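Encoded as structure tokens, the structure appears first; notes follow it.
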Amino acid sequence: MAQNYDVIIVGGGPVGLFLGLTLALEDIRVLVIEQESDIPQSPRALMNFPIVLNEFAKVGILDQVVAAGFKNTAGLCFRTPYSGTNTVLAKIPPGKSSKGLIDYGVQLSQAKLCAIMRNRALQSKYFEIRYNTRYTSHHEDGDLVHVNSESASSGPLKLSASFIVACDGANSQVRDAMDIPFEGFTWKDWRFVAVNVYYDFAKHGYPAANHVIDPEDWAVIVRASSVEEGLWRIAMGISPDVKPEEVESYVVAKVERLMPGPRPLDYKIEAVSPYWAHEKVALKFRAGRVVLCGDAAHYATIRREDFVKRVQKQAIDGKNRIHSMDAKVVAERDDFFNMLNKSPGFGNFIASMMMEPLPEDLWPTPW
């Protein structure tokens, strides 16, 4: 016999867990199914801006998030690499919010953030999560959606709910099962590599968030934990021609070019995770009683029209800004940095776009 829920969420990452927590707090019976055996520990996103922290406050996890991570009250720095001129080019301040009380960001690994969300959600009798459980298919029948899944321990498992929400990432099995096109492109001329490393960048004058501008050694260098833990993250681009067995040696050489300080360097790489970057959005976010959410629906935006008309261009411009030597991009980058350096109001405006709380009535059209 199928087990019935109000909502089944496919995917136990940060989007699925946060949604599950939010629903459970409204006394909505929710089940999260996740094919992995536990929260993945690989390096992934870690920047939490005020617009997100305001939502964390609403569900009662803000204090835990702040305590577990690094509280950034200094903003963002653009600089050249240590192996180059090691020069600070411009800064974006943390910004000020006209409505919210949160005027800082928190840098915390996705794995630790997920653990905080899960622990809070499990305090509710309306929340349940099953690991080692893989979605295989679904079909609708009146007011219910029937989900076929596969449990690693007990085999085929039938579940039912009023709605399904697909939070299973850019390679969403749910989206594929519904034949919803995922429009856009994958960057083919480079791959992202996220590196977790123990090294004291702060000792050498690096703030908590740095964008390194360079045609070859472009990177993002940020704190990935509390000061006491001492973990940093370097996200860089590598050529797709680098063979899998060569990635580690390639990354080590690049990391050492980015690290400030006297040689020989004393550091420890904890994890290396290469992955492809996308600029994609689903043709539609809803089909019947199934909703796409997070990366299953969109890569880096919350509304399809905004993505197509504005956000995709901004994402591409931002990526090109940190490495391109195209004359037009260089001129635009110089203008951008000049405005940041000469006009404090411009920097505050840029920062303010991630400051304001979301309005309480920001909900989709009723079913």
Of the residues Ala219, Ala202, Ala194, only one is touching a helix residue (DSSP H, G or I) at 6+ places or on another chain (Cβ under 6 Å), closer than 23 Å to Lys268 by Cβ and among the small types (Gly, Ala, Ser); which? Ala219
For Ile180, state whether it is within 30 Å of Asp334 (Cβ to Cβ), more than 19 Å from the chain's Cα centre (by Cα) and among the aliphatic types (A, V, I, L, M). no
Before we move on, is Ala166 among the hydrophobic types (A, V, I, L, M, F, W, C) and out of contact with any helix residue (DSSP H, G or I) (no Cβ under 7 Å at 6 or more places or on another chain)? no
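Listed here are the residues, each with its yes/no results for (1) surrounded by 15 or more Cβ atoms within 10 Å (Cβ to Cβ); (2) under 14 Å from Tyr5 (Cβ atoms); (3) not basic (Lys, Arg).
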{"position": "Lys125", "(1), (2), (3)": "no, yes, no"}
{"position": "Glu128", "(1), (2), (3)": "yes, yes, yes"}
{"position": "Thr133", "(1), (2), (3)": "yes, yes, yes"}
{"position": "Asp141", "(1), (2), (3)": "no, no, yes"}
Within the range 236-243, does at least one residue satisfy the condition of being hydroxyl-bearing (Ser, Thr, Tyr) and buried (at least 18 other Cβ atoms within 10 Å of the Cβ)? no
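I need a count of the residues in the range 113-132 that are part of a loop (DSSP other than H, G, I, E, B) and not charged (D, E, K, R).
Residues in the range 113-132 being part of a loop (DSSP other than H, G, I, E, B) and not charged (D, E, K, R): 6 in total.
If we only count strands (runs of 3 or more DSSP E) wholly inside the range 133-226, which ones have 1 or more residues that are touching a Phe, Trp or Tyr at 6+ places or on another chain (Cβ under 7 Å)?
Once the strands (runs of 3 or more DSSP E) in the range 133-226 are filtered for at least 1 residues that are touching a Phe, Trp or Tyr at 6+ places or on another chain (Cβ under 7 Å), what remains is 144-151, 155-166, 182-186, 191-198, 209-212, 219-223.
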With the structure loaded, tell me whether Asp179 is modelled with pLDDT of 95 or more and surrounded by fewer than 13 Cβ atoms within 10 Å (Cβ to Cβ) or whether it fails that test. yes
Quick one: what pairs do we get from the range 1-12, first residue in a strand (DSSP E or B) and at pLDDT 95 or above, second basic (Lys, Arg) and surrounded by 14 or more Cβ atoms within 10 Å (Cβ to Cβ), C-beta under 9 Å, 6+ apart or different chains? Tyr5/Arg29; Asp6/Arg29; Val7/Arg29
Just one listed residue, out of Leu108, Leu113, Leu159, is in contact with a Pro (Cβ under 7 Å, 6 or more places away or on another chain) and at pLDDT 95 or above, and it is Leu113
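State yes or no: is Leu25 touching a Gly at 6+ places or on another chain (Cβ under 9 Å), modelled with pLDDT of 95 or more, surrounded by 22 or more Cβ atoms within 10 Å (Cβ to Cβ) and within 20 Å of Pro357 (Cβ to Cβ)?
no
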What about Val329, is it part of a helix (DSSP H, G or I), modelled with pLDDT under 65 and either within 17 Å of the chain's Cα centre (by Cα) or surrounded by 14 or more Cβ atoms within 10 Å (Cβ to Cβ) (or both)? no
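The values are calculated or read from the model by the stated rules, or taken from the named source; none is laboratory data. The structure displayed is predicted, hence computed values, not measured ones. For neighbour counting, all protein chains shown are included, and Cβ atoms are generated from backbone atoms with ideal geometry for every residue, glycine included.
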